[in-house]
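The values are calculated or read from the model by the stated rules, or taken from the named source; none is laboratory data. In this text the structure is predicted, and so the values were computed from the model without any measurement. Note: ideal-geometry Cβ built from the backbone for every residue, glycine included; neighbour counts use all protein chains shown.
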Amino acid sequence: MIVLSQLPISAQADRGNSKAIPLRGVVEGFYGVPWTHEQRLDMLKFMSSKDLNAYIYAPKDDEYHRKYWRQPYPEDKYKELQELTKKAKKLNIDIIFAVSPGNDIAFSGQDMYEDRYAMINKLQAMYDIGIRHFALFFDDIPTKDAHGQAEFVNWVNDNFVKARPDCKQLILVPTEYYLRDMVKTGYVSDYTRILADELEKDILVLYTGEEVCPDGLTENTIHQTNKIYRKPMGIWWNYPVTDYQKEKLALGPLDKMDKAMDSKEVPAFFMNPMEKAELSKIAIATGADFAKNPGKYNESKSWNMALKEQFGDLYEPMRIFASHSQRLENNWAHIGRPDAINLQVLYKNLWGTVTGRDTIPKRKTMDALKKDNRKRERALKELHDELPRKYLNECKLNLEQLQTLTEAEKYALMILDKKPSELKQPELYKKFKEAKARYTQYVAYARISDEAIWRFVKDFDAWYVTSVGVDSSAD
């Protein structure tokens, strides 16, 4: 039994002197509608422009990747993968073909032999079209058979990968794929301990950090996980993926990435994107900067550069919009920069003056908020009118939701700017409520600015009802 506290931590790497992570790229590993063939080809071009060198084909809802993993791909899909492989080779990008057999694979009996050779046939078909890099995924499955998985993966490694000298290192995603699942009450779990002991050492294992969607990547997490498996582990980074909150967009940079990380300890780094391939490029561009030189990564600089390169003259309005859609948060996911943090500070200052808790001049704060509101209103209209269709198709509803929140905020600020004796403003409040209701009507399909404007709108409504005495359910 391995006690976590007994795992030594190596010395920090020199900041600013880290080298590029060797294998760096994108894993199409999200749940939902897989990318189209055209989107994949376009993504390869984008990846090449950002010096990313690896793409893992692993869409969860591709039935032949997961549900029907034993079956060969239909001819039309097979030809698409062949074209994708040829395109990637021209761009010096490594196509990694992944299979997820974990839901129903047999580890014993006659079925075990049939499944082993079904896997060989599956991989051989991809080998025949030029793919030389393969991965096996056992994530998000109901059982944790470490012995069975290790024996199967080792068998594939010995009988397929090593039997073909031009194949590259086999990749594995285990069932316990984040640190807090590997370690229970200070001890390494039985599953992870057995898998780490029995897995052949030349197999590259990927994990997602401390959590599934953690609030940053730390050097400590890297060291602890590497010590558990006694070898360098690759990173599967779950940003900008939004398959667990499809109503959100992840438009920020990779955030809180430890600059002390030594690339020798992280041989691979893959970003899991959104269904929305075009908008995923914002975060992917920042992740490319990080992976090329972790020690010099500057998330704000990288993010602004990505927006300028991708949106040109629409940089400023897109920056405003994207700043309100960065953070993803639920009871197990905590990832991405805070939404519109400067605006959150202004709201806090405003409520301090309204309630009398703070002495910050209300006029200064109110003027700043109104200026921001007007600027955002113009920016969103400009995006609505001029954003290229390929982007607008992916964000139109979220854009309209931010316009609706901006309208509600405008009426709230107009009321708050009145003298105390004039706070009762039924017409303005009615317009505010109508805007709030419109946002709520579509919130299941598009959410934005959760901790900034939306929180302010809810706080204002509660304050107005309490302070002015209006029924919050009134039309």
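Scanning region 172-185 for residues that are farther than 18 Å from Asn103 by Cα and in a strand (DSSP E or B) yields Val183, Lys184.
Across region 387-407, the qualifying residues are those that are among the acidic types (Asp, Glu) and within 25 Å of Phe432 (Cβ to Cβ), and the one among them that is nearest to the chain's Cα centre (by Cα) is Glu400.
Residues that are under 24 Å from Asn398 (Cβ atoms) and among the hydrophobic types (A, V, I, L, M, F, W, C) number at least 2 in the following helices (runs of 4 or more DSSP H) confined to region 211-320: 277-292, 299-311.
So for region 145-159 (the condition being without any contact (Cβ under 8 Å) to a residue 24 or more places away in the chain and not acidic (Asp, Glu)), does at least one residue qualify? Within region 145-159, none of the residues are without any contact (Cβ under 8 Å) to a residue 24 or more places away in the chain and not acidic (Asp, Glu). Filtering region 421-473 to residues that are within 29 Å of Gly336 (Cβ to Cβ) and β-branched (Val, Ile, Thr) leaves Thr440, Val443, Ile448, Ile453, Val457. Say we look at region 217-239 and pick out the residues that are under 12 Å from the mean Cα position of the chain (by Cα) and in contact (Cβ under 8 Å) with a residue 60 or more places away in the chain; which of these is farthest from Ala150 (Cα to Cα)? Among those that are under 12 Å from the mean Cα position of the chain (by Cα) and in contact (Cβ under 8 Å) with a residue 60 or more places away in the chain, it is Tyr239.
Within region 76-122, restricting attention to residues that are within 20 Å of Val33 (Cα to Cα) and charged (D, E, K, R), the residue that is surrounded by the most Cβ atoms within 10 Å (Cβ to Cβ) is Glu80.
Restricting region 233-267 to residues that are at pLDDT below 95 and not small (Gly, Ala, Ser) leaves a set whose member that is surrounded by the fewest Cβ atoms within 10 Å (Cβ to Cβ) is Lys264. Looking only at residues in region 392-445 that are in a helix (DSSP H, G or I) and small (Gly, Ala, Ser), the one that is surrounded by the fewest Cβ atoms within 10 Å (Cβ to Cβ) is Ser421.
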